[in-house]
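The values are calculated or read from the model by the stated rules, or taken from the named source; none is laboratory data. All of these numbers come straight from a predicted model, not from anything done at the bench. Here the Cβ positions follow ideal geometry from the backbone for every residue, glycine too, while neighbour counts run over all protein chains shown. What goes into the accessible areas is simple: the full protein's heavy atoms, side chains included, and nothing from ligands, DNA or RNA. Shrake-Rupley method; radii C 1.70, N 1.55, O 1.52, S 1.80 Å.
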Amino acid sequence: MTTEICTLAEITDASAGGKAYGLARLVAMGLPVPPAFVIRNAGSESFPETLDQSYYDLGKEVAVRSSALGEDGADASFAGQYDTVLNVRGPAELRNAIQRCVASVSNERAQQYLQDKTSSDTATMNIVVQAMVDARAAGVVFTADPVSARRDLLVIDAVAGLGEALVSGEATPDHYGVHSSGSIVRRQLTATEPLLSDSEILQIAAGARAAALHEGQPLDLEWAIDQDGTLYWLQARPITTLPQDLNEFDTVLPRSDDVLTISNVSEMMPGAVCPLTGSFTGWGIDYGLQHMQVAVGARPDIDKEWQVTAWAYGHLLLNMSGSAVMSSAVLGSTVEQTGQALCGRIIPELKAFPPQPLLRRVVNTGKLLLYCLRAPTVVERFGRELDAFVIHNKIDSKSMWQELEKKSSFFDHSMAVHIQSSALSGFLCTIVENMVSSKSNDSTSEEQGEAVRLLAGATGVESAVMLEQLDNLIDCVVAHPQASEAFQQATVGDALSWLSNEPTLAPMFADFLSDNGHRGYRELCMRDPAWGDDPSPLIQSMQAAAHARLVTGGRRSLQAANIDWSSLSRGLRWVLPKAHNAIRRREQTKSQLVDVAHRFKSGFRHLGKLLQEEGVLAEADLINFFSVEELPHFVAHPDTSAVKNAIARREALSYQQQFEFPEISVGLPQPLEARAATISDGVLHGRPASRGIVEGTARVAITLGEAAKLQPGEILITPITDIGWTPYFSLIGGLVTDLGSSVSHGAVIAREYGLPCIVNSREGTRFLNTGDRVRLDGDRGTVERL
């Protein structure tokens, strides 16, 4: 191969190596690049005849960098594998530097990396010789954050002087983050004064984003700012470690300033969800809420575009603005009520829509009353429909998809029934609270607590019945002479095996799973298994509860509110039993909805297994990483690119799970930056959800795995709970959640156990740490760190 010199303008492909090609692309974009030339097929013995003249044309001082074939490519970066020589002066030093770079292709480290990444033993070395920049500051910029994989967040690292100190790890950089909106959202400095001004940060961000847009992919670029303040670009390469775009399924909001919340919907669906869940369950929630709005005249018909829910960074959210259309359509409904119902407080950002004409609002108010009052009849009819509903397993993927597609509207219908049932419950619970406080939507914490106590008097609630059944099962386990060794101290798998085969306990455990096997953590997720599919999480929580009873010799029992009916007003005596019935009905339809979701979950899982058996999918789990809209075409015409896409989406989900969001956002939310909570008076305020005062040790648990470490009497601090957390309630001394309302799962179960509880603290998991001694006041809705 001939060794020759060419200019950057003469390089049109990656045959001169990724580094040289990246510089050539930057030049083609019109970005400022220090002058350079490239030595193709460089050798350690022979040098091009024009080498010295090309060097003198650049200036006195140059950098000599490797540009091997495959280096800085889309599949492998080869970062640090080959040598770079800086501050090279004169032809003799230049030749030595070239020889050093060429020799580095054969070093053991580079050879091993080459084999690991390309399965090749040899690499062709090209050399970039570039004029040095007298840098005041230098560094790297990633047009997508390589740590979080966010493509809407550009990150810049900057050091004083040359950037080699940053690349080698010798210097700690200033770190900046710039959102796609142009706002600087992160600024982490190593000294008092920043190395870069805001204008320089934005100039680097603009140039880098222009380059990424031109190349059609996220880039990792090196830059330098000289002593005169001129920005130069030194290198560009693809980012090789990114998963699928985390915002691939972000919904388009009906209005750019819609107000969104993670409250409410996150009770059943905390965290990020797979594409199948988002497109199936997410749309089902939107359908059910739109169905209510159409029924009462707030919306003309159901819009196929999401109106009342949203999907961002893989997380489902509730569009409060979409819900607030009710306030413009019926009398007595306000955006303040919407905030109270969904978040437990008034949301200042939520604005009212222009009201419909008065006569129409009067008619719509009548429709709303009928919608609520018809709920008992609708629920009773739905029970019969559910009894007749079956999803049949088929023997091939095409027939199975047709079965699921044909039946899918029943899930939307189930969601609509549950929302109608919940509407009556919410309507009557609001009346109870207003009657307790003698004013509309302006009750004090004490009045809210009293209303919660009265509503907790409902008996026969399905969630409480399940709790009683579970508590009895755990009692029987603890009473067994082998409980400690065979169950509580055993591995989860061994404990499950023992419980499933122990003659005196197995029938009771089987009965519990028969009644409640469709329940579990993230119940409406199409991917997460229910207790009946995988009892391991249930067993783990039962082991914790058994440990507490073995240690303390007892357990916390379910409690029902003791209501002195004679002390209540006539109005409360009339409405409270109806509210109790509505609460029972709401919990019934919630369980029925979860049952329907579980049937579809089983159906989709069977579809995945069929596609695996047919050789289309390597793993059945990959079915969860197609949207419902994509499945018809994929099942009919499977292709490898779609499977590869599904694998990349599965990788993306682990990144999306790391994100936390503000409770309220205007427009699609941005993930929260890591920060400490600031509670000035040392007291955290939330909404009282279950009365009582308790002092104890805090246990912050974000996941069920962390909750397994709970000790008897500890106060659980968590973002939100769902049915999967239920077994821990007989163990804890109190509950604080970041999100939720008085009808959230945690609040309902806390009341049934008589546990002090506050919800919607917003900062609990940030303000408190495991081991803190705290006082939880469920009457006033406060947590004080002692």
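Every residue in segment 606-626 that is free of Cβ contacts under 8 Å to residues at least 24 places away in the same chain and surrounded by fewer than 21 Cβ atoms within 10 Å (Cβ to Cβ), please.
Within segment 606-626, the subset free of Cβ contacts under 8 Å to residues at least 24 places away in the same chain is 608-609, 612-613, 615, 619-620.
Selection gives Lys609, Gln612, Glu613, Gly615, Glu619, Ala620.
Answer with yes or no whether Thr444 is over 24 Å from Arg519 (Cα atoms), touching a residue at least 40 places away in the same chain (Cβ under 8 Å) and open to solvent by 50 Å² or more (accessible area, probe 1.4 Å). Steps first, answer last, please.
Values: over 24 Å from Arg519 (Cα atoms): yes; touching a residue at least 40 places away in the same chain (Cβ under 8 Å): no; open to solvent by 50 Å² or more (accessible area, probe 1.4 Å): yes.
So Thr444 fails the test.
Could you pull out every one of the strands (runs of 3 or more DSSP E) wholly within segment 721-778 that has 1 or more residues that are closer than 27 Å to Pro535 by Cα? Walk me through it before giving the result.
On the way: elements: 734-737, 757-759, 773-777.
In segment 721-778, 734-737 are the strands (runs of 3 or more DSSP E) which contain 1 or more residues that are closer than 27 Å to Pro535 by Cα.
Using beta carbons and a limit of 9 Å, which pairs, at least six apart or on different chains, have the first residue in segment 257-273 and more than 16 Å from Arg345 (Cβ to Cβ) and the second one among the basic types (Lys, Arg)?
Matching pairs, first to second residue: Asp257/Lys351; Met268/Arg522; Met268/Lys590; Met269/Arg522; Pro270/Arg522; Gly271/Arg522; Val273/Arg522; Val273/Arg527.
Search segment 383-434 for residues being within 33 Å of the chain's Cα centre (by Cα) and charged (D, E, K, R), and hand back the single one that is most open to solvent (accessible area, probe 1.4 Å).
Lys406
Here's the yes/no breakdown for (1) modelled with pLDDT of 95 or more; (2) farther than 25 Å from Ser256 by Cα:
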site	(1), (2)
Gly322	no, no
Met326	no, no
Ser333	no, no
Gln337	no, no
Cys372	no, yes
Arg384	yes, yes
His392	yes, yes
Glu405	yes, yes
Met415	yes, yes
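Test each condition in (1) closer than 13 Å to Asn126 by Cα; (2) part of a helix (DSSP H, G or I); (3) open to solvent by 20 Å² or more (accessible area, probe 1.4 Å) for Ala9 and report the one that comes out false.
Ala9 satisfies all of (1) closer than 13 Å to Asn126 by Cα; (2) part of a helix (DSSP H, G or I); (3) open to solvent by 20 Å² or more (accessible area, probe 1.4 Å) except (1).
Spot the failing condition for Arg299; the list is (1) touching a residue at least 60 places away in the same chain (Cβ under 8 Å); (2) open to solvent by less than 40 Å² (accessible area, probe 1.4 Å); (3) of a type in the set (Lys, Arg), and only one is missed.
(1)
Looking at segment 627-639, I want the residues that are at pLDDT below 95 and have a partner that is of a type in the set (Asp, Glu) with Cβ atoms under 7 Å, at least 6 apart or on another chain. Which pairs are those?
Every condition considered, no pair remains.
If we keep just the residues of segment 12-24 that are more than 18 Å from Asp220 (Cβ to Cβ) and not in a helix (DSSP H, G or I), which is least open to solvent (accessible area, probe 1.4 Å)? Working first, answer last.
Of the residues in segment 12-24, the ones more than 18 Å from Asp220 (Cβ to Cβ) are 12-13, 15-16.
If we keep only those that are not in a helix (DSSP H, G or I) as well, we get 12-13.
Working: Thr12: 106, Asp13: 69 Å².
Applying the filter and picking the extreme gives Asp13.
Six or more apart or on different chains, Cβ atoms under 8 Å: show the pairs whose first residue is in segment 579-592 and more than 18 Å from Met435 (Cα to Cα) and whose second is among the charged types (D, E, K, R) and open to solvent by 20 Å² or more (accessible area, probe 1.4 Å).
Sorted first by the residue in segment 579-592, then by its partner, the pairs are Arg584/Glu462; Glu587/Glu462; Gln588/Glu462; Lys590/Glu462; Ser591/Glu462.
Could you tell me whether segment 389-410 includes any residue that is of a type outside the set (Ser, Thr, Tyr) and within 24 Å of His745 (Cα to Cα)? Can you show your working first?
Initially, segment 389-410 is screened for residues of a type outside the set (Ser, Thr, Tyr), giving 389-396, 398, 400-407, 410.
Right, trim to within 24 Å of His745 (Cα to Cα) and you get none.
Scanning segment 389-410, I find no residue that is of a type outside the set (Ser, Thr, Tyr) and within 24 Å of His745 (Cα to Cα), so the answer is no.
Specify the residue that is most open to solvent (accessible area, probe 1.4 Å); the eligible residues are those in segment 332-363 that are of a type in the set (D, E, K, R) and within 30 Å of the chain's Cα centre (by Cα). Walk me through it before giving the result.
Filtering segment 332-363 down to residues of a type in the set (D, E, K, R) leaves 336, 345, 349, 351, 360-361.
Now drop any that are not within 30 Å of the chain's Cα centre (by Cα), which leaves 336, 345, 349, 351.
On the way: Glu336: 79, Arg345: 54, Glu349: 83, Lys351: 136 Å².
By that ranking, first place goes to Lys351.
Before we move on, is Asn319 of a type outside the set (Gly, Ala, Ser) and on the phi > 0 side of the Ramachandran plot?
Details: of a type outside the set (Gly, Ala, Ser): yes; on the phi > 0 side of the Ramachandran plot: no.
Considered against the rule, which asks whether it is of a type outside the set (Gly, Ala, Ser) and on the phi > 0 side of the Ramachandran plot, Asn319 comes out as no.
For segment 455-463, indicate whether the set of residues that are surrounded by fewer than 18 Cβ atoms within 10 Å (Cβ to Cβ), touching a residue at least 24 places away in the same chain (Cβ under 8 Å), acidic (Asp, Glu) and part of a helix (DSSP H, G or I) is non-empty. Lay out the reasoning, then the answer.
Kept after step one, since they are surrounded by fewer than 18 Cβ atoms within 10 Å (Cβ to Cβ), are these residues of segment 455-463: 457, 459-460.
Retained after the next criterion (residues that are touching a residue at least 24 places away in the same chain (Cβ under 8 Å)): 457, 459-460.
Next cut, acidic (Asp, Glu) only: none.
Within segment 455-463, none of the residues are surrounded by fewer than 18 Cβ atoms within 10 Å (Cβ to Cβ), touching a residue at least 24 places away in the same chain (Cβ under 8 Å), acidic (Asp, Glu) and part of a helix (DSSP H, G or I).
Tell me, please, whether a residue that is farther than 30 Å from Trp283 by Cβ, surrounded by fewer than 17 Cβ atoms within 10 Å (Cβ to Cβ) and touching a residue at least 40 places away in the same chain (Cβ under 8 Å) can be found in segment 189-200. Break it down into steps so the answer makes sense when it comes.
Pass one, segment 189-200, residues farther than 30 Å from Trp283 by Cβ: 189-200.
With the extra rule that they be surrounded by fewer than 17 Cβ atoms within 10 Å (Cβ to Cβ), the set shrinks to 189-193, 197-199.
Within this subset, residues satisfying the condition of being touching a residue at least 40 places away in the same chain (Cβ under 8 Å) are none.
There is no residue in segment 189-200 that is farther than 30 Å from Trp283 by Cβ, surrounded by fewer than 17 Cβ atoms within 10 Å (Cβ to Cβ) and touching a residue at least 40 places away in the same chain (Cβ under 8 Å).
Considering Val294, Val273, which residue is open to solvent by less than 40 Å² (accessible area, probe 1.4 Å) and of a type in the set (Val, Ile, Thr)? Let's see the steps before the verdict.
Values: Val294 fails: open to solvent by less than 40 Å² (accessible area, probe 1.4 Å).
None of the other options fit; the residue is Val273.
Just for segment 44-71: of the residues that are modelled with pLDDT under 75 and in contact with a Ser or Thr (Cβ under 9 Å, 6 or more places away or on another chain), which one is least open to solvent (accessible area, probe 1.4 Å)? Walk me through how you get there before you give the answer.
Of all residues in segment 44-71, those modelled with pLDDT under 75 come to 44-45, 69-71.
Subset that is in contact with a Ser or Thr (Cβ under 9 Å, 6 or more places away or on another chain): 69-71.
On the way: Leu69: 72, Gly70: 45, Glu71: 8 Å².
Among residues in segment 44-71 that are modelled with pLDDT under 75 and in contact with a Ser or Thr (Cβ under 9 Å, 6 or more places away or on another chain), the one least open to solvent (accessible area, probe 1.4 Å) is Glu71.
Yes or no: Leu731 buried (at least 22 other Cβ atoms within 10 Å of the Cβ), without any contact (Cβ under 8 Å) to a residue 60 or more places away in the chain and under 24 Å from Leu473 (Cβ atoms)? Outline the logic, then answer.
Values: buried (at least 22 other Cβ atoms within 10 Å of the Cβ): yes; without any contact (Cβ under 8 Å) to a residue 60 or more places away in the chain: no; under 24 Å from Leu473 (Cβ atoms): yes.
So Leu731 fails the test.
Can you name the residue in segment 84-102 that is open to solvent by 40 Å² or more (accessible area, probe 1.4 Å) and touching a strand residue (DSSP E or B) at 6+ places or on another chain (Cβ under 7 Å) and is also modelled with the lowest pLDDT among such residues? Show your work before the answer.
Let us first name the residues in segment 84-102 that are open to solvent by 40 Å² or more (accessible area, probe 1.4 Å), namely 84, 86-87, 89, 92-93, 95-96, 99-100.
Among the residues that remain, those that are also touching a strand residue (DSSP E or B) at 6+ places or on another chain (Cβ under 7 Å) are: 84, 86-87, 89, 100.
Numbers: Thr84: 83, Leu86: 87, Asn87: 87, Arg89: 91, Arg100: 88.
By that ranking, first place goes to Thr84.
Any idea which of Arg527, Arg522 is at positive phi and not in a helix (DSSP H, G or I)? Full working, then the answer.
Details: Arg527 fails: at positive phi.
Being at positive phi and not in a helix (DSSP H, G or I) holds for just one of Arg527, Arg522, which is Arg522.
Within segment 750-763, track down each residue that is at pLDDT 80 or above and within 18 Å of Asn264 (Cβ to Cβ).
Listed by number, the residues that qualify are Ala750, Cys757, Ile758, Val759, Ser761.
Does Ala329 qualify as being buried (at least 17 other Cβ atoms within 10 Å of the Cβ) and more than 21 Å from Glu663 (Cβ to Cβ)? Before you say what the answer is, go through the steps one by one.
Values: buried (at least 17 other Cβ atoms within 10 Å of the Cβ): yes; more than 21 Å from Glu663 (Cβ to Cβ): yes.
The answer is yes for Ala329.
Here's the yes/no breakdown for (1) closer than 21 Å to Thr444 by Cβ; (2) open to solvent by 20 Å² or more (accessible area, probe 1.4 Å):
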| residue | (1), (2) |
| --- | --- |
| Leu684 | yes, no |
| Pro688 | yes, no |
| Ile693 | yes, yes |
| Gly696 | no, no |
| Val700 | no, yes |
| Leu704 | no, yes |
| Leu710 | no, no |
| Gly713 | no, yes |
| Ile720 | no, no |
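Can you name every residue in segment 580-604 that is in contact with a Lys or Arg (Cβ under 9 Å, 6 or more places away or on another chain), open to solvent by 30 Å² or more (accessible area, probe 1.4 Å) and of a type in the set (Lys, Arg)?
Arg599 - this is the single residue of segment 580-604 that is in contact with a Lys or Arg (Cβ under 9 Å, 6 or more places away or on another chain), open to solvent by 30 Å² or more (accessible area, probe 1.4 Å) and of a type in the set (Lys, Arg).
So which residues in segment 233-270 are within 15 Å of the chain's Cα centre (by Cα), surrounded by 20 or more Cβ atoms within 10 Å (Cβ to Cβ) and within 30 Å of Glu200 (Cβ to Cβ), if there are any at all?
Answer for segment 233-270, where residues must be within 15 Å of the chain's Cα centre (by Cα), surrounded by 20 or more Cβ atoms within 10 Å (Cβ to Cβ) and within 30 Å of Glu200 (Cβ to Cβ): just Leu246.
Residues of segment 501-534 being modelled with pLDDT of 90 or more, open to solvent by 20 Å² or more (accessible area, probe 1.4 Å) and closer than 23 Å to Leu593 by Cα, which ones?
Ala510, Asp511, Leu513, Ser514, Asp515, His518, Arg527, Asp528, Pro529, Gly532, Asp533, Asp534, listed by residue number.
If you take the residues of segment 25-40 that are over 39 Å from the mean Cα position of the chain (by Cα) and open to solvent by less than 40 Å² (accessible area, probe 1.4 Å), which of them is nearest to Glu4 (Cα to Cα)?
In this case the residue turns out to be Ile39.
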